[in-house]
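Enquirer: I am attaching a structure below and will ask some questions about it afterwards.
The values are calculated or read from the model by the stated rules, or taken from the named source; none is laboratory data. If you're wondering where the values come from, they're calculated on a predicted model, not measured in any experiment. Don't worry about glycine lacking a Cβ; one is built from the backbone with ideal geometry, like all the others, and counts go over all protein chains shown. All accessible areas refer to the heavy atoms of the entire protein, side chains included, with ligands and DNA or RNA removed. Shrake-Rupley method; radii C 1.70, N 1.55, O 1.52, S 1.80 Å.
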Amino acid sequence: MRADTSPTAQQPGASTFHDPLAKGFPATREGRALFWLAVVFSVFQIITALHLVALPSIVVRAFHVGFLLALTFPLIAVSRDTGPLVKAIAWTMAAAGFGVAIYQFVEYVPLITRAGDPTTLDLVVGVIALLTLFSAAWLIMGPALPIICGLFLAYCLLGQYLPSPLNHRGYAFEQVIDHMAYGTEGIYGIPTLVSSTYIFLFILFGSFLERAGMIKLFTDVSLGLVGHTQGGAAKVAVISSGLMGTISGSGVANVVTTGQFTIPLMKRFGYRAAFAGGVEATSSMGAQLMPPVMGAVAFIMAETLGVEYIEVVRAAIIPAILYFMSAFWMVHLEAGRRSLFGLPRSELPSPLAAIKAQWYLLLPLIALIFLLFSGYTPLYAGTIGLALTVLLILGGSLALRLPGKVIRLIFWIGLGLVAAALLRFGTYVIVAAVLGLIAANLFSKGGRETLAICRDSLAEGARTALPVGIACAIVGIIVGTMTLTGMANTFGQFIVHVGESNLFLSLVLTMVTCLLLGMGIPTVPNYIITATIAGPALLQLGVPLIVSHMFVFYFGILADLTPPVALACFAAAPIAKENGLKISLEAIKIAAAGFVIPYMAVFTPALMLQDGGELSAAIGFWPAVVYVVFKALLAIGLWGVAVVGFLHRRMGWPERLLAMAAAFLLVAALPLTDGVGLALVAVFIAWQVWSTRRDGPASAASNG
């Protein structure tokens, strides 16, 4: 059995900082048992997603959390090679966690009939559910998220003793446990619903694509496209990390997979270690802002706001493109300042040859995007994408052994017709096709190796889902606290009170809150926490609904780049062999657009393709979109010049301060600030033209 084959497992030193599961499944009896439990977990999620087994939604969520707990405790124990006593405790906790799911299944109808009036046994099981969940979260993600959620839980139990306006009327212990451990308001709320459906499927989707060679395809295409340009190595990192991150559920995990290749490449190319780590961290976290997956937040946001998925994508697309354009621009300027030129074309792979060799890997991704944008649910689109990936892997193994091109062509056409039949006749067609391909692959050595790859992908997908799944479950405590106590209103009233006199100050307070709450927390719970607490306040201040949620989402993501926690940067530190805080400072510079764009979108919602704002009312929607994108490009360009201190030559502080002032003024949407900002842009351009003519080409070249 190839039990330890994950990319992160190949470089344990790079990922141990943030991932206690980085060693994968150990090649021991316990490791093999956990490996097959992970396979069963993935199969359970697939058959429930395909509705091959009909279970109530709350039961599916309970078993989802049960499997997460059953895997987390013993997997961490065996990965750390602990003693027999610790392993016994771990297996006991695993059994207790899974036992809660069995209790939910057996007592499903009785629990509904006595909702609000729990028995003593209900309370005992509820306490076990919370204790095992908090323990698993602490082990797998560290103390930050469990402590935050624990404070919210304590607020439910003890908040009545706080001074006004922070206090509440008080809730009995029984009521709090019933609210948090049963029903759909606590740990089995919307975050767990999304984790047990969309998120898990998309993680599996990414796991299969990774093992099929998607990382190599993305890297080869990126190298071929930009490897020869100025600063080519860093641009490769921006593109490849961004592409891989769009189908990944975790920006930090993306750092330690693609970063194994991109960071050493940038260092060999001549970039400083801190800058190389900052580029990788910025690109990997930025990928969580890029549709279609957005670190699975797009699905939760659509579910939370009650809007179509396509509306979330529409709001995200322009800011995400601007974010990566900013990163691209920053590495270009840094390369110019340090005279880092591209690699010879002869040493680079051909992007067309790479696509020609592995074009079939793009088909599931294309199908996924097409279905999502055609109005199909994310669950259906993810299921189709995963099914197509499995069909291609299993079918490709058979096609390679067929004699003659014509027969192989007929085979692929037949497989395509089977895939198309799924849209018309339902999931049973694809199930039959997959079972047939599995049976056919059993009769050859190559086919059995392909089946082993699929099996390993199922196990690896389940292992990868553990941190985000546990996080989604425990963050339900925060959502449950909000629904039980109305705590969000207290914070919201404060922000609204400040915003009545100064909207910009309210936005800064909200940003700081999001950066603090998002420290060290994965993408999905990060969004849920910040949106639950800060989102409603911005809505009351007149910020459009999706824009307010995007605002808090952006700064929740950027918390993984900002000190002191800077999780993505510390994940890159062992690979770059540099201090995590130094990487964090570089990442903040590179991610400048991430700090600017949300503010611009609040003042001019047209940047996120949303109606509203004075500019849109004055000149029309699409002219407002064009104008604000133009302003954003100017602001990003000027900020890059100011931070790096280079354009066509090295620049002095007066020029850099002028560029910074112009960029800052362009962020706001007031006629006065726009006018002054554009005037400063004109002065800056004139200064550059004058200095170029004064110095001459030779002098400019020597300065660079």
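Enquirer: How big is the range 555-670 by Rg and Dmax over its Cα atoms, in Å?
Expert: Taking only Cα atoms of the range 555-670, I get Rg and Dmax of 16.8, 53 Å.
Enquirer: What accessible area per residue comes out for the range 315-383, rounded to a whole number of Å², with a 1.4 Å probe?
Expert: Working: 3320 Å² over 69 residues.
That works out to 48 Å² per residue.
Enquirer: Between THR28 and ASP695, what length in nm is gained on full extension when 0.36 nm per residue of separation is reduced by their alpha carbon distance?
Expert: Numbers: separation 667, 0.36 × 667 = 240.12 nm, distance 6.90 nm.
Result for the pair: 233.2 nm of gain on full extension.
Enquirer: So what are the ³J(HN,Hα) numbers for the range 547-554, from phi and the Karplus equation (6.51, -1.76, 1.60; θ = phi - 60°), rounded to whole Hz, Gly and Pro as x?
Expert: Each residue's phi maps through the Karplus curve to give 5, 5, 6, 5, 4, 5, 5, 4 Hz.
Enquirer: May I ask you to list the GluC sites (Glu not before Pro) in the range 287-390 that are in a DSSP loop and have at most 12 other Cβ atoms within 10 Å of their Cβ?
Expert: Sparse-neighbourhood loop GluC sites (Glu not before Pro): GLU308.
Enquirer: According to a simple spin-label model (label point 7 Å from Cα along Cα-to-Cβ), what is the distance in nm between LEU85 and THR673?
Expert: Output for this residue pair reads 6.1 nm.
Enquirer: Apply 1/(1 + (r/R0)^6) to the Cβ-Cβ distance of GLN358 and LEU158, taking R0 = 56 Å, and write down the FRET efficiency to the nearest 0.05.
Expert: Values: r = 57 Å, r/R0 = 1.03.
In this case the efficiency is close to 0.45.
Enquirer: Two-decimal Rg/Rh of the chain from alpha-carbon positions, Kirkwood Rh?
Expert: On the way: Rg = 26.1 Å, Rh = 26.6 Å.
Computed over Cα atoms, the ratio is 0.98.
Enquirer: Please compute the Kirkwood hydrodynamic radius over the range 137-217, one decimal place, Å, based on all pairs of different Cα atoms. The partial results should precede the final answer.
Expert: Numbers: mean 1/r = 0.0632 Å⁻¹.
Roughly 15.8 Å, rounded to one decimal.
Enquirer: So for the chain, averaging the separation of alpha carbon pairs under 8 Å that are six or more residues apart and normalising by length, what relative contact order in percent results? Before the final figure, lay out the partial values.
Expert: Numbers: 1121 pairs, mean separation 117.2, N = 704.
Reported relative contact order: 17 percent.
Enquirer: Ignoring ligands, DNA and RNA, please state the percent of accessible area on the chain from carbon and sulfur, probe 1.4 Å. Before the final figure, lay out the partial values.
Expert: On the way: 19180 of 27430 Å².
Accessible surface attributable to carbon and sulfur in the chain totals 70 percent.
Enquirer: How high is the FRET efficiency between LEU402 and ALA452 when r is their beta carbon distance and R₀ equals 30 Å, given to the nearest 0.05? Walk me through the numbers on the way to the answer.
Expert: Working: r = 21 Å, r/R0 = 0.70.
Efficiency at R0 = 30 Å is approximately 0.90.
Enquirer: What distance in nm separates the two pseudo spin-label positions at LEU417 and ILE112, each 7 Å out from Cα along the beta-carbon direction?
Expert: 4.4
Enquirer: Expressed in nm to one decimal, what extension gain is obtained for the pair PHE373 and THR92 from 0.36 nm per residue of sequence separation less their Cα-Cα distance? Provide the component values of the computation, followed by the final result.
Expert: Details: separation 281, 0.36 × 281 = 101.16 nm, distance 4.52 nm.
That pair, PHE373 and THR92, stretches by 96.6 nm at full extension.
Enquirer: Residue by residue through the range 156-162, which ³J(HN,Hα) values in whole Hz follow from phi under the Karplus form 6.51 cos²θ - 1.76 cosθ + 1.60 (θ = phi - 60°), with glycine and proline marked x?
Expert: Karplus-based 3J(HN,Hα) across the range 156-162 equals 4, 7, 10, x, 5, 8, 7 Hz.
Enquirer: With θ set to phi - 60°, apply the Karplus curve 6.51 cos²θ - 1.76 cosθ + 1.60 along the range 218-233 and write out the HN-Hα couplings as whole Hz, x wherever there is a Gly or Pro.
Expert: 4, 5, 4, 5, 5, 4, x, 7, 10, x, 8, 8, 4, x, x, 4
Enquirer: Now, a different point. I'd like to compare 44-57, 653-666: which one has the highest average count of other Cβ atoms within 10 Å, and what's the full order after that?
Expert: Details: 44-57: 15.6, 653-666: 18.8.
Output ranking for 44-57, 653-666: 653-666, 44-57.
Enquirer: Could you give the nm distance between label points at THR184 and PHE494, where each point is 7 Å from its Cα heading toward the beta carbon?
Expert: Rounded to a tenth, the inter-label distance reads 3.2 nm.
Enquirer: So if each residue of separation counts as 0.36 nm, and I subtract the Cα-Cα distance between ALA682 and TRP36, what length gain in nm does that give?
Expert: 226.1 nm
Enquirer: Where only protein heavy atoms count, and the probe is 1.4 Å, what is the accessible area per residue for the range 574-704 in Å²? Please list the in-between numbers first.
Expert: Details: 5930 Å² over 131 residues.
With the other protein chains kept in place, the range 574-704 gives 45 Å² per residue.
Enquirer: Can you tally the net charge around ILE588? Count Lys and Arg as +1, Asp and Glu as -1, for every other residue whose Cβ sits under 12 Å from the Cβ of ILE588.
Expert: Numbers: positive: LYS582, LYS589; negative: ASP560, GLU586.
Charge balance near ILE588 sits at 0.
Enquirer: Given H placed 1.01 Å from N in the peptide plane, which residues other than close sequence neighbours of ARG650 have an amide H under 5 Å from its amide H?
Expert: For ARG650, the qualifying residues are GLY704.
Enquirer: Under 17 Å Cα-Cα from LYS216, which lysines qualify once same-chain neighbours fewer than 8 residues away are excluded?
Expert: LYS235, LYS356
Enquirer: How about LYS87: which lysines have a C-alpha closer than 29 Å to its C-alpha, ignoring those fewer than 8 places off in the same chain?
Expert: Filter leaves LYS23.
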